[in-house]
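Here's the structure, in structure tokens; my notes come after.
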Amino acid sequence: MTKNIMEPVQQHMQEITQKRYDLFLKDFETIVNIDSSTDNKSGVEQVARFFEKRLQEIGFEVKILKLANCNKSTHEDDLVPCLEATNRPGAEKFDIMMLGHMDTVFPPGEVKKRPFKIEGDRATGPGVCDMKGGLLVALHVLEKLKENGTLDDLSVCVAFNGDEETGSEASQEWIKQKALMSQRVFVFEPCRPGYRFVLQRKGGGWFFVTAKGISAHAGADPEKGANAVVEIAHQIVAINKLNDLEIGTSAQVTVVSGGDKVNIIPNEAKASVDVRISRPEEVERVNNFFRSLSQNTHIPGVTVSVEGFIDRPPMVLDEKTRTLWNLFEKKSRELDKDMKIEGISTGGCSDGNFTSALGVPTIDGMGIVGANSHREDEYVELASINRMIGLITDVCQVFCIKK
């Protein structure tokens with residue numbers, strides 16, 4: 001009898017058992033029901049301790065780091081909990097770096113308001129998509145590699161930070177250091193609906209423009225004042241001219257404030273600006289533009305100051321990353337002919353921007369499929385759990401080196 005060529009695929013899919021799926025859901029409920037906003041350091045550390053225990057059980061050396069933000073004090077309450085783990089202590093090079101973040105955007109009390117919940121084929125809860133589901137995919141892939149005896153043939157670094165949602169200011173250099181020691185980086189941000197992985201991201205940063213003028217009575221003595229609101233309006237018009245859809249640069253003024261009372265010339269006004277770029281060369285141009293604003297004022301008596309800079313370079317699809325992506329496509333076809341994956345570009349940033357800019361092949365969006373990040377209707381698709389674990393396990397095994 002001719003052997004059915006689909007049998008190996010079917011056998012592989014069966015290896016990810018109902019028992020593991022049930023364990024994943026149990027783990028999911030545990031970590032989603034921990035409030036871990038970036039400023040809730042104890043909650044972030046609680047998530048880290050969960051992963052510390054499980055990774056130690058499969059032979060990883062785990063450290064819970066407390067990293068300092070250079071713009072804040074080194075007081076214990078200001079230190080950012082981050083998890084660093086490896087199955088090869090002392091290694092100078094890693095086959096794979098698994099990167100993710102443990103913090104969410106949701107404040108303390110959000111879990112009590114809407115805890116982890118399964119509704120049909122979806123799960124909901126704070127951070128379920130961005131990105132606690134992805135952290136669990138990384139963990140379960142490593143546990144699966146341990147079970148099938150291939151983990152010992154890999155050198156893996158796990159880096160989960162606790163401040164991604166506020167810019168990774170404390171953890172950025174640590175992430176870069178580990179990335180430079182790695183052959184490739186897998187970022188476990190959510191996979192987009194339709195199994196769309198992220199191969200390109202815009203870079204970006206925030207700028208805060210402040211105009212300071214002179215107060216005066218708006219009716220009796222307007223000539224004695226210097227209107228900061230009018231100055232900030234001129235600056236906003238100038239900033240808006242930075243937008244260039246053709247080269248992928250956007251500069252959006254998102255928050256504006258100024259003035260206290262209707263009959264007083266305002267002595268202060270502020271504008272917050274979100275900037276995104278697609279090209280690395282735009283970093284210098286945009287930074288130079290904002291630095292020049294203080295020298296280009298329009299209202300006599302008003303001064304302008306600017307804080308901020310482009311802090312995340314764009315994630316560009318280079319040939320090394322394209323080659324890695326081709327492997328993902330090949331393995332997805334072998335695993336499940338119905339799992340058609342796609343690589344996309346997005347305007348959002350992640351810590352993958354840092355690793356990609358270093359020239360390290362980086363694939364992002366490797367968590368379970370989900371959508372609506374940072375919103376109360378955030379969700380993930382439960383059917384993607386087995387598929388993502390299976391695909392990433394298969395890809396990891398390609399890099400095994402038999403001793």
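Counting only residues that are of a type in the set (D, E, K, R) and in a strand (DSSP E or B), the stretch 44-101 holds 4 of them.
The condition of being closer than 28 Å to Ile118 by Cα and modelled with pLDDT of 95 or more does not hold for Ile363. Restricting the stretch 378-402 to residues that are open to solvent by less than 20 Å² (accessible area, probe 1.4 Å) and part of a loop (DSSP other than H, G, I, E, B), the residue that is farthest from Asp130 (Cα to Cα) is Leu382.
Scan (1) open to solvent by less than 10 Å² (accessible area, probe 1.4 Å); (2) under 25 Å from Ser155 (Cβ atoms); (3) not charged (D, E, K, R) for the single condition Asn326 breaks and write down its number. So the condition that Asn326 fails would be (1).
Can you spot a residue in the stretch 3-11 that is under 19 Å from Glu165 (Cβ atoms), at pLDDT below 95 and open to solvent by less than 40 Å² (accessible area, probe 1.4 Å)? Checking the stretch 3-11: not a single residue is under 19 Å from Glu165 (Cβ atoms), at pLDDT below 95 and open to solvent by less than 40 Å² (accessible area, probe 1.4 Å). The criterion of being acidic (Asp, Glu), under 26 Å from Ala357 (Cα atoms) and out of contact with any helix residue (DSSP H, G or I) (no Cβ under 6 Å at 6 or more places or on another chain) does not hold for Glu334.
With respect to the conditions (1) touching a Cys at 6+ places or on another chain (Cβ under 7 Å); (2) open to solvent by 40 Å² or more (accessible area, probe 1.4 Å), Arg312 falls short on a single one, namely (2). Scanning the stretch 341-377 for residues being part of a loop (DSSP other than H, G, I, E, B) and over 25 Å from Asp311 (Cβ atoms) gives a total of 5.
There is at least one residue in the stretch 296-319 that is within 30 Å of Ser250 (Cα to Cα), among the basic types (Lys, Arg) and in contact with a strand residue (DSSP E or B) (Cβ under 9 Å, 6 or more places away or on another chain).
Val209 fulfils the conditions (1) surrounded by fewer than 18 Cβ atoms within 10 Å (Cβ to Cβ); (2) part of a strand (DSSP E or B) except for a single criterion, (1). Which numbered condition trips up Gln200, out of (1) open to solvent by 40 Å² or more (accessible area, probe 1.4 Å); (2) outside any strand (DSSP E or B); (3) over 23 Å from Gly308 (Cα atoms)? The single condition Gln200 does not satisfy is (2).
The values are calculated or read from the model by the stated rules, or taken from the named source; none is laboratory data. Treat the numbers as computed from the prediction; the structure is a model and nothing was measured. Quick reminder, even Gly has a Cβ in these numbers, built from the backbone with ideal geometry, and neighbours come from all protein chains shown. Areas reflect the complete protein model, heavy atoms only, side chains present, ligands, DNA and RNA absent. Shrake-Rupley method; radii C 1.70, N 1.55, O 1.52, S 1.80 Å.
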